[in-house]
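See below for the structure under consideration.
Just so it is clear, none of the values below were taken in a lab; they were calculated from the coordinates. Just so it is clear, the model here is predicted, and its values are computed rather than measured. Note that we place each Cβ from the backbone using ideal geometry, even for glycine, and neighbour counts take in every protein chain shown.
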């Protein structure tokens, strides 16, 4: 029996549900760093901890018989692959979040129809691109485009998107972001999912009987207030303003220190992502905080003029779009990581030559490569003649995939300690990456912005050691 368990927001409630059910899984708690917790009651049960959005995919392809995750990620997968082997067994009653289509309070609209009437093409941004497309089709939008992102969707309207489809656990936070909900997409709670074939072939009845809904005392579904207000941190829509994206996540702390060295004041950006729209002490510059993974594509699409991201994410973007207008302007020198190729510590593979020999000898007829950097992974496999490969996209916690669910991992690391702790070893280095300043090629020669662009770039470069 194979069970996929969630990290993140559902972890504590899932652990409480399992404890109440008597399914004691040792090491599955917020303090543990293990991806392979053990179950004493069901010694034949193999459990693995994943990022929540990876779980439906792992269950759908048959790597796991059962999984626990939010219904939102189940619906996201089923929207694209409705005839697959993934099925929902039951709701578990906790972990509620609501998905809404939201617009900026500055637009003055309150319905999807008004948005559709106002714009020739409606721009929709979301972590849930399949649900976003399904939503637009159900609303019978005449023309629309969907831009997938990794997170932080609330910061995109109105400058970079007309509609964002985002999840919220607290309805009141819409107004805090200056957003107005115009439609509910779905209400999500944690659910138990299964692979249809695995359910038929394995005797999971005893385990299924244990995994019952958790009584949480959550309030019934209620709509959020539709009164998004304009906040003091809203960006200017001026034509000549330079639009700068700066990173959240693990880069934010070092990025904050970098801007301090450059003597650039950023109010509301402390490295903890306190606001998505900080104020910057540079003239004619507006700022948003978004995920570094999203920045190269956002710059290429013209939604930002400049962005501070990682060279690794720029390389991944260019592997997919080699003629992209997103170009590196300067290496900023902080946030150094290595992008490495990793195998199980128990493997006999010591380097890429050993891996290539095994491919030539037919010992690895198809290599499974797990990575957040799917385009780099695909390019690496081609450049190193690894033959037939399956690229498995991940959304973090990638160490959990090797060796059971992937043969190879392409992952970033600062020291290698985390990889070693999970019995993984490095056999090759793909690239060494630091933070960099990225810009749109055409913007750099735009006469309307050239002076402000050069002034902003020079001010940022002052932080380089």
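For residue 442 and residue 429, calculate 0.36 nm times their separation in residues minus their Cα-Cα distance, and state this gained length in nm to one decimal. Provide the component values of the computation, followed by the final result.
Details: separation 13, 0.36 × 13 = 4.68 nm, distance 3.29 nm.
Full extension from residue 442 to residue 429 adds 1.4 nm.
Assuming 0.36 nm per residue, please report the length gained on full extension of the stretch residue 363 to residue 414 beyond their Cα-Cα distance. Intermediate values should be presented prior to the final figure.
Working: separation 51, 0.36 × 51 = 18.36 nm, distance 3.18 nm.
Net length gain for the segment: 15.2 nm.
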Exercise. May I ask for log10 I(q)/I(0) of the stretch 337-433 at q = 0.10, 0.11, 0.24 Å⁻¹, from a Debye sum over the Cα atoms as equal point scatterers with solvent left out?
Key: -0.22, -0.26, -1.43
Self-check item: For the stretch 97-186, share of DSSP beta bridges that run antiparallel, in % to the nearest 5
Solution: 60
Quiz item: What FRET efficiency do you get for residue 461 and residue 9 if R0 is 51 Å and r is their Cβ-Cβ distance, rounded to the nearest 0.05?
Solution: 0.85
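Could you list 429, 107 in order of exposure, starting from the residue whose Cβ has the fewest other Cβ atoms within 10 Å?
Taking fewest neighbouring Cβ atoms as first place, the list is 429, 107.
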Quiz item: Which of 50, 258 comes first, and how do the rest follow, when ranked by fewest Cβ neighbours within 10 Å?
Solution: 258, 50
Practice problem: Specify whether the C-alpha gyration tensor of the stretch 386-465 places it in the rounded, prolate or oblate class, a ≥ b ≥ c being the square roots of the eigenvalues: rounded for a/c under 1.5, otherwise prolate if a/b is larger than b/c and oblate if not. | Solution: prolate
Quiz item: In whole Å, what is the distance between the alpha-carbon centres of the stretch 25-60 and the stretch 356-378?
Solution: 25
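What list do you get for 460, 426, 193 if you sort them by fewest beta carbons within 10 Å?
Working: 460 22, 426 17, 193 25.
Listed from fewest to most nearby Cβ atoms, that is 426, 460, 193.
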Exercise. Give the distance, in whole Å, between the Cα centre of the stretch 415-465 and the Cα centre of the stretch 120-146.
Key: 31
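Considering Cα pairs under 8 angstrom that are at least six residues apart, work out the relative contact order of the stretch 97-186 and quote it in whole percent. Write out the running numbers ahead of the final one.
Numbers: 165 pairs, mean separation 45.5, N = 90.
About 51 percent, as a whole number.
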Exercise. Give the relative contact order (percent, whole number) for the stretch 370-465; include only Cα pairs under 8 Å separated by 6+ residues.
Key: 23
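Please report Rg over Rh for the stretch 67-141, where both radii come from the alpha carbon positions and Rh follows the Kirkwood definition. Working shown, then result.
Numbers: Rg = 15.1 Å, Rh = 14.5 Å.
We get a ratio of 1.04 for the stretch 67-141.
Students often check this: by mean Cβ neighbours within 10 Å, which of 360-373, 90-103 ranks highest, and how do the rest follow?
Details: 360-373: 16.7, 90-103: 21.0.
Result, highest mean first: 90-103, 360-373.
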Exercise. With a bin width of 10 angstrom, please list the P(r) values of the stretch 1-125 as percents of all Cα-Cα pairs, from the 0 bin to the one holding the largest distance.
Key: 11, 35, 25, 16, 10, 3
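I'd like the antiparallel share, as a percent to the nearest 5, of DSSP beta bridges with both residues in the stretch 1-150. Provide the component values of the computation, followed by the final result.
Numbers: 2 of 14 bridges.
Beta bridges within the stretch 1-150, antiparallel portion: roughly 15 percent.
Let me know the whole percent of all Cα-Cα pairs from the chain that are separated by more than 43 Å. Present the calculation step by step, with values, prior to reporting the outcome.
Working: 18281 of 107880 pairs.
Pairs farther apart than 43 Å: 17 percent.
Give me the mean projected area, in nm² to one decimal, of the convex hull enclosing the Cα positions of the stretch 14-70.
Details: hull surface 16.0 nm².
Over all viewing directions, the stretch 14-70 projects a mean Cα-hull area of 4.0 nm².
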Exercise. At 0.36 nm per residue, minus the direct Cα-Cα distance, what do residue 110 and residue 206 gain on full extension? Give it in nm, one decimal, please.
Key: 29.6 nm
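Sort 173-180, 140-147 for me by packing, meaning the mean count of neighbouring Cβ atoms within 10 Å per residue, highest on top. Don't jump to the answer; show the numbers that get you there.
Details: 173-180: 20.5, 140-147: 15.6.
Going from most to least packed, we get 173-180, 140-147.
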Practice problem: Nearest 5 is fine: what % of DSSP beta bridges in the chain come out antiparallel, could you say? | Solution: 60
Practice problem: Normalising by the residue count of the chain, find the relative contact order in percent from Cα pairs under 8 Å and 6+ residues apart. | Solution: 15
Self-check item: Simple spin-label estimate for residue 450 and residue 40 in nanometres, 7 Å along Cα-Cβ
Solution: 7.3
